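In what follows, a single structure is set out as structure tokens and then discussed.
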Amino acid sequence: MIRSDVILGGAVTIGGVALLLWVIPNQVAMRPGELRDPALFPTVCAWLLIGLGLAHFVSRDRAFSWPPLRDLGRLIIILGAMLVAVWAQRYVGYILSSVAMAALLVTMMGERRIHWLVLSILGLPIGVWALFEFIFQHQLP
Amino acid sequence: MVDVSVITGAIADVLTVTNLLYILAGVTIGQLIGATPGLSIVMALAIAIPLTYVLDTLTALAFLISVNKGGTVGGAVPAILLRVPGTPESAATTLDGYPMAQKGQPIKAMKYGLYYSVFGDLSSDLILILVSAPLAIIALRMGPIEILALMTLALTVISALVGSSMVKGLTAAALGFLLASVGSDPGTGTPRFTFGIIELYDGISLTALSIGMLAMSEVMFSIIAARRDAAPMAALDIRAGSREDRTVTFRELMANKYVAIRAMLIGTAIGAIPGLGSTTAGFLSYSITKQMARDPGAFGTGDPRGIAASETANSAVVGANLIPLLTLGIPGNIAAALIVSAFLVHGLQPGPLLFENQAQLVYGMFFAMLIANFFNLAVGQVGMRFWAYIVSAPASIIYPGAVLFCMTGSYAAAGGFFGIYVMIATALLGYLMRSLGYSIVAFIVAFFLEPMLERSFVQTQLLIGSDYWLLLHHPIAIALWGMTLVTIFYLCFVKRPSAEGATYV
């Protein structure tokens, strides 16, 4: 079994190398006549990442545990719900998309009591919408 | 010497109905969120920032600082009634607060917490007011090389003291630098890491990033951890006890005056050091008080000295953590970094120049802080019984509500849907960083400091060119870099102090 510090250290080192060889040359271009190089600081960061990744590689620091697969599944559901809600806001508006997202989250958390369900699914989205629209005078989609 | 007209002007600025109402609202919201288990002050601040965009600078700062102050007081309520700290800052309060509540004195325990908390906060604010202007004058004499050295030291200390390892802390800081360099280069206007996305030319919104990393990632953790079969938390009945058990007399408070003064000094000192925070202050003060007591066995059984030690110290950090921010432009902790965004939104750069260019605003903020302490006391006194019911609110309403606030706040703060996408992306990054033990504190502080650090770095490079011997003409910078090396060596080979708290690694 590969040690977690080896994986993390390796990933950070590879990330630093990728920055140095690919991302910075392609994404930070120096224009002719410029006195200072805009890539200088990102390059220093990339070298820092390479050095720290290597240091982690040898540090034997394993003060964490990988999140269980079940948690990652729930994470994907939450992220997916948020992304769908943002996308849906353009078409069905803030309240409807938020109601649907709140319903999913509340169900995921195992709430079964009717009054809390109503408050979470209907009360919260309408309350937040009213707060931003009327109190803060900020137009929501 | 500060002009008297500046001070009188600052007082007049603060004493408007609008400002007083916002201070009251901030303190109330802070106490409410602090009292709600699962919601933190940092989360409250991150969500509150977008709400301050429409306010003028002083009102916005007064509101955010009041939220911060209120949260520290509110966090003690669940610590005392549930043995679950509402905020990480109140973790040490559970040790004696809960046993006291169990003995039939929940209101008394909450009142002890409130009074000592306000004392610690107020004293620390006064120290901030007294020391920040003289320190800022010293800071103004520093050149770019000294500033670069100072920021290197501050980031090393922060990276070393928070999180699970120094290497991971520094890695998080490097990632923060990298993400902050997205957008147009401030010196040349050259786009960096924009990947052809127009919205990225302005860089990544600090507010959307803060909401994602600090609030949303924590909410995701809580939703993921929520179990259907989890029993709801039951708070202790606050109606328990006789009339005597529900009051704290002046004599009872004064009985612990030395404990409170020592705790205030510990909290102020810890708050002034970047990287350490309220949780460390609370536990350090508690353990010192216990060690110095003649009867250490009484601690943990509902001893008011335990509450005094913890609550005074953790609240004293709130004012003191603005010392490095106002004098050096370096946020001492996450709350200070978030308050910075209120400065930035209004076109102000925190640091020593503020005393020169915006003295009336700075002193206005100081007076708002002092007023907020008294509002904190009043709201705590009245709201205590109400917060006792809030602590039992189900997670199923708290977290979906927080998700909605995060999304709507990002939309409002970053000017549209792109802000929400940034928030979601940084929430995922924050979740992964927390899971893998990388410090979010180091990341956020580095993200905030990057423009200043890059500017000092480039200026230093222009000043010395390739002649590194020129650095010998800057003894302060050399001393600061020496301290950086000593910090790295010391913290790598000596046992590391406890981190900022379990929540913000």
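Quick rundown of the values:
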{"quantity": "Qualifying position, being surrounded by 21 or more Cβ atoms within 10 Å (Cβ to Cβ), in contact with a Lys or Arg (Cβ under 9 Å, 6 or more places away or on another chain) and on the phi < 0 side of the Ramachandran plot, among B:Gly380, B:Gly419, B:Gly409", "calculated": "B:Gly380"}
{"quantity": "Single residue of B:Leu58, B:Leu21, B:Leu15 found to be buried (at least 22 other Cβ atoms within 10 Å of the Cβ), more than 18 Å from the chain's Cα centre (by Cα), more than 26 Å from B:Thr279 (Cβ to Cβ) and modelled with pLDDT of 80 or more", "calculated": "B:Leu58"}
{"quantity": "Flag if B:Ser392 is among the hydroxyl-bearing types (Ser, Thr, Tyr) and in contact with an Asp or Glu (Cβ under 8 Å, 6 or more places away or on another chain)", "calculated": "no"}
{"quantity": "Flag for A:Gly16 being assigned to a helix (DSSP H, G or I), modelled with pLDDT of 90 or more, surrounded by 20 or more Cβ atoms within 10 Å (Cβ to Cβ) and facing chain B (nearest Cβ under 8 Å)", "calculated": "no"}
{"quantity": "Odd one out for B:Leu55, checked against (1) without any contact (Cβ under 8 Å) to a residue 60 or more places away in the chain; (2) not in a loop (DSSP other than H, G, I, E, B)", "calculated": "(2)"}
{"quantity": "Filter result (modelled with pLDDT under 90 and under 16 Å from B:Gly409 (Cβ atoms)) within the stretch A:97-127", "calculated": "none"}
{"quantity": "Selected residue (criterion: nearest to B:Val167 (Cα to Cα)) from residues of the stretch B:446-486 that are part of a helix (DSSP H, G or I) and among the acidic types (Asp, Glu)", "calculated": "B:Glu450"}
{"quantity": "Residue satisfying all of: in the stretch A:40-92; of a type in the set (Val, Ile, Thr) and assigned by TED's automatic domain parsing to the domain that holds A:Trp22; modelled with the lowest pLDDT among these", "calculated": "A:Val58"}
{"quantity": "Of all residues making up the stretch B:167-185, the number that are in contact (Cβ under 8 Å) with a residue 60 or more places away in the chain and more than 9 Å from every other protein chain (Cβ to nearest Cβ)", "calculated": "5"}
{"quantity": "Failed condition for B:Val77, given (1) under 14 Å from the mean Cα position of the chain (by Cα); (2) over 22 Å from B:Cys406 (Cβ atoms)", "calculated": "(1)"}
{"quantity": "Count of the stretch B:186-218 residues which are buried (at least 21 other Cβ atoms within 10 Å of the Cβ), within 12 Å of another protein chain (Cβ to nearest Cβ) and not in a helix (DSSP H, G or I)", "calculated": "1"}
{"quantity": "Positions within the stretch A:127-141 being loosely packed, with under 15 Cβ neighbours inside 10 Å and of a type in the set (Val, Ile, Thr), in sequence order", "calculated": "A:Ile135"}
{"quantity": "Filter result for the condition that a residue is surrounded by fewer than 23 Cβ atoms within 10 Å (Cβ to Cβ), out of contact with any Phe, Trp or Tyr (no Cβ under 9 Å at 6 or more places or on another chain) and either small (Gly, Ala, Ser) or modelled with pLDDT under 85 (or both), over B:Gly120, B:Gly104, B:Gly113", "calculated": "B:Gly104"}
{"quantity": "Condition check for A:Leu21: part of a helix (DSSP H, G or I), at pLDDT 85 or above, touching a helix residue (DSSP H, G or I) at 6+ places or on another chain (Cβ under 6 Å) and not assigned by TED's automatic domain parsing to the domain that holds A:Glu133", "calculated": "no"}
{"quantity": "Filtered residue count, the stretch A:77-93, keeping only those that are outside any loop (DSSP other than H, G, I, E, B) and more than 8 Å from every other protein chain (Cβ to nearest Cβ)", "calculated": "8"}
{"quantity": "Which numbered condition B:Tyr399 misses (of (1) more than 9 Å from every other protein chain (Cβ to nearest Cβ); (2) hydroxyl-bearing (Ser, Thr, Tyr); (3) out of contact with any Pro (no Cβ under 8 Å at 6 or more places or on another chain))", "calculated": "(1)"}
{"quantity": "Single residue of the stretch A:98-141 satisfying the filter (more than 10 Å from every other protein chain (Cβ to nearest Cβ) and of a type in the set (Gly, Ala, Ser)) that is farthest from B:Ser396 (Cα to Cα)", "calculated": "A:Ala130"}
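The values are calculated or read from the model by the stated rules, or taken from the named source; none is laboratory data. In this text, all values refer to a predicted model and were calculated from it rather than measured experimentally. Cβ: placed from backbone, ideal geometry, glycine included. Neighbour counts: every protein chain shown.
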